[in-house]
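One structure is given here, and the rest of the page talks about it.
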Amino acid sequence: MGVVDRMEKSLAYLYLAGVFDTKGFINKNLKPDGKRRTKFNISFNFTDKQKELFEKIACMLDYLGIKCKIYETGRTKGKKKEYQLYITKREHARMFLSKIHNYSLRREEIMKALWELQRYELKKKR
């Protein structure tokens, strides 16, 4: 990986941290539900007015090796359809948060979530 490629990725993570700070959510429930499922993912809410932008963000995430998907929520905000971009795989959500935490204004929240996930996974291995 060349210097330019590293710089481009750093700028991409800086941009994504800003988007996360304004529109992102950490969704976590590390206590198993009735079906023994737990949840740790990242989501962004937006309307159809912003859909083109979030499609480009999804391409950027894919380029960075972070898989995501855009879903229509079925809700509306005023007259606009509402969507969510999800990073659903736990390892991709972890990678995303690990890469943006240095740039984010929500650093404490991110570090706490990553710590809780690590603690949960260590506990699960025992």
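The values are calculated or read from the model by the stated rules, or taken from the named source; none is laboratory data. Note that the coordinates shown come from a computational prediction; the quantities given were computed from them, not determined experimentally. FYI the Cβ positions are ideal-geometry reconstructions off the backbone, even for glycines, and counts take in every protein chain you see.
Points to keep in mind about this one:
- Test set (1) out of contact with any strand residue (DSSP E or B) (no Cβ under 9 Å at 6 or more places or on another chain); (2) under 16 Å from Phe25 (Cβ atoms) - Leu64 fails condition number: (2)
- In the stretch 105-126, residue modelled with the lowest pLDDT [restricted to those that are surrounded by 15 or more Cβ atoms within 10 Å (Cβ to Cβ) and in contact with a Lys or Arg (Cβ under 8 Å, 6 or more places away or on another chain)]: Leu117
- Residue check for Cys59: under 14 Å from the mean Cα position of the chain (by Cα) and closer than 18 Å to Ala113 by Cβ: no
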